[in-house]
Amino acid sequence: MSTQNVKVRVNPRSTGTFSTETYKKHSSQISLKPEALELARCRDLDIRTKHVKVVELIDFDETTNCLTTRKLKAQELFLTVWNSTYLLGRLKGHQLSDPDTLRARITEVGSWLKMYHLSSIEETPEDAGGDWLEADFHQKIKDIRHNRLIPESKLVKIEKKFGAEIDSLRKPDYLSVNGAFPCRLHGDFTIYNILMDRQQNLHVLDFGDTRVSGNLEDLARFYSGLWAIAQTNSSRQKLLGDLPERFLKAYGISPEITETSYFRCNLAFNFLTHLAAQNYMKNLLSWNSNREMNQITKAGLEWIYQQI
């Protein structure tokens with residue numbers, strides 16, 4: 001294979017190699033088998049809406065822990081939104097040719113996510129719960145404290161405000177009482193993990209964190225990203241401001257869910273995750289990318305501080 005046709009993308013957990021037709025994902029830190037199995041399940045069940053589906057699985061080699069998917073002529077949905085909604089991006093020629101279609105596609109993600117969650121209900125163990133979030137929340141607090149990313153006085157308040165509620169996830173009926181149900185999750189369902197192709201179809205990728213847990217984790221993950229991005233300037237507020245609620249309605253759930261303690265705990269966790277991820281990735285991102293990511297992080301932290 002000619003090296004001229006190969007490009008490499010690296011993140012802290014995996015290395016991705018692009019060729020003319022494929023994307024090969026390698027990792028020495030995590031097994032890619034659960035991701036491969038989930039892509040295969042989505043393919044076999046044909047889990048898709050008119051314009052949203054998962055990336056195409058080609059092969060998984062367990063001996064080399066290499067996952068191969070079809071390469072797409074597409075870019076991150078996040079970049080589609082972000083680059084066209086700030087001055088420097090527009091000066092570089094980034095424009096939204098059809099904002100209404102983009103809004104419709106983002107709304108449709110809610111319909112796809114509901115279909116995806118319902119596809120695994122019959123296979124989900126009856127005693128499955130959402131206590132995954134408990135351990136990860138406390139680990140996130142530990143990491144943030146270690147790296148001094150939030151003043152200790154505020155971090156203590158965050159633990160007190162959200163920690164007790166998250167610890168309640170161990171209760172057997174917690175999910176049902178809070179309008180949620182256990183199912184197979186994507187696990188990192190963000191705007192960064194969706195591609196938009198030239199026909200304005202969306203492709204969901206990166207199932208590396210797939211697991212069984214409460215469905216609202218995926219829902220709140222996508223919602224929180226949309227909401228925070230919309231807070232960063234007036235152009236994004238105009239484009240995205242009402243989409244978090246539209247997304248929830250397309251999923252089939254009332255926007256009032258955002259006022260529940262469980263959903264708010266998920267929002268807080270997601271905003272803390274964005275802070276920790278940005279810190280973890282700071283040496284891999286350019287100065288300008290760090291500055292831009294900080295706008296999203298800042299919006300999330302301001303929301304958290306208002307709650308405490």
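The values are calculated or read from the model by the stated rules, or taken from the named source; none is laboratory data. The structure displayed is predicted, hence computed values, not measured ones. For neighbour counting, all protein chains shown are included, and Cβ atoms are generated from backbone atoms with ideal geometry for every residue, glycine included.
Residue-by-condition table, conditions (1) touching a residue at least 24 places away in the same chain (Cβ under 8 Å); (2) closer than 23 Å to E56 by Cβ; (3) among the small types (G, A, S):
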residue	(1), (2), (3)
R198	yes, yes, no
R211	yes, yes, no
G214	yes, no, yes
Y223	yes, no, no
I229	yes, no, no
N233	yes, no, no
Q237	no, no, no
L243	yes, no, no
Y251	yes, no, no
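For the stretch 54-70, taking the residues that are in a loop (DSSP other than H, G, I, E, B) and in contact with a strand residue (DSSP E or B) (Cβ under 7 Å, 6 or more places away or on another chain), the one that is surrounded by the most Cβ atoms within 10 Å (Cβ to Cβ) is identified as V55. Residues that are over 20 Å from I141 (Cβ atoms) and not in a loop (DSSP other than H, G, I, E, B) were ranked within the stretch 268-293; the one that is nearest to the chain's Cα centre (by Cα) is M293. Of the listed requirements (1) part of a helix (DSSP H, G or I); (2) in contact with a strand residue (DSSP E or B) (Cβ under 9 Å, 6 or more places away or on another chain), L248 misses just one: (2).
Among the residues that make up the stretch 146-164, is at least one of them at pLDDT below 95, in a loop (DSSP other than H, G, I, E, B) and small (G, A, S)? No, there is no match, as no residue in the stretch 146-164 is at pLDDT below 95, in a loop (DSSP other than H, G, I, E, B) and small (G, A, S).
Here is a list: G241, G225, G300. Which entry is touching a helix residue (DSSP H, G or I) at 6+ places or on another chain (Cβ under 7 Å), modelled with pLDDT of 95 or more and surrounded by fewer than 17 Cβ atoms within 10 Å (Cβ to Cβ)?
Testing whether each residue is touching a helix residue (DSSP H, G or I) at 6+ places or on another chain (Cβ under 7 Å), modelled with pLDDT of 95 or more and surrounded by fewer than 17 Cβ atoms within 10 Å (Cβ to Cβ) leaves just G241.
What are the pairs with Cβ atoms under 8 angstrom where one residue, in the stretch 286-308, is of a type in the set (G, A, S) and the other, located anywhere, is outside any helix (DSSP H, G or I)? Sequence gap at least six, or different chains. From the stretch 286-308, the pairs are A299/Q231; A299/T232.
Of the residues making up the stretch 73-107, those that are part of a strand (DSSP E or B) and either among the polar types (S, T, N, Q) or buried (at least 18 other Cβ atoms within 10 Å of the Cβ) (or both) number 2. Considering the stretch 187-212, and only residues there that are over 30 Å from S97 (Cα atoms) and touching a strand residue (DSSP E or B) at 6+ places or on another chain (Cβ under 7 Å), the residue that is surrounded by the most Cβ atoms within 10 Å (Cβ to Cβ) turns out to be G187.
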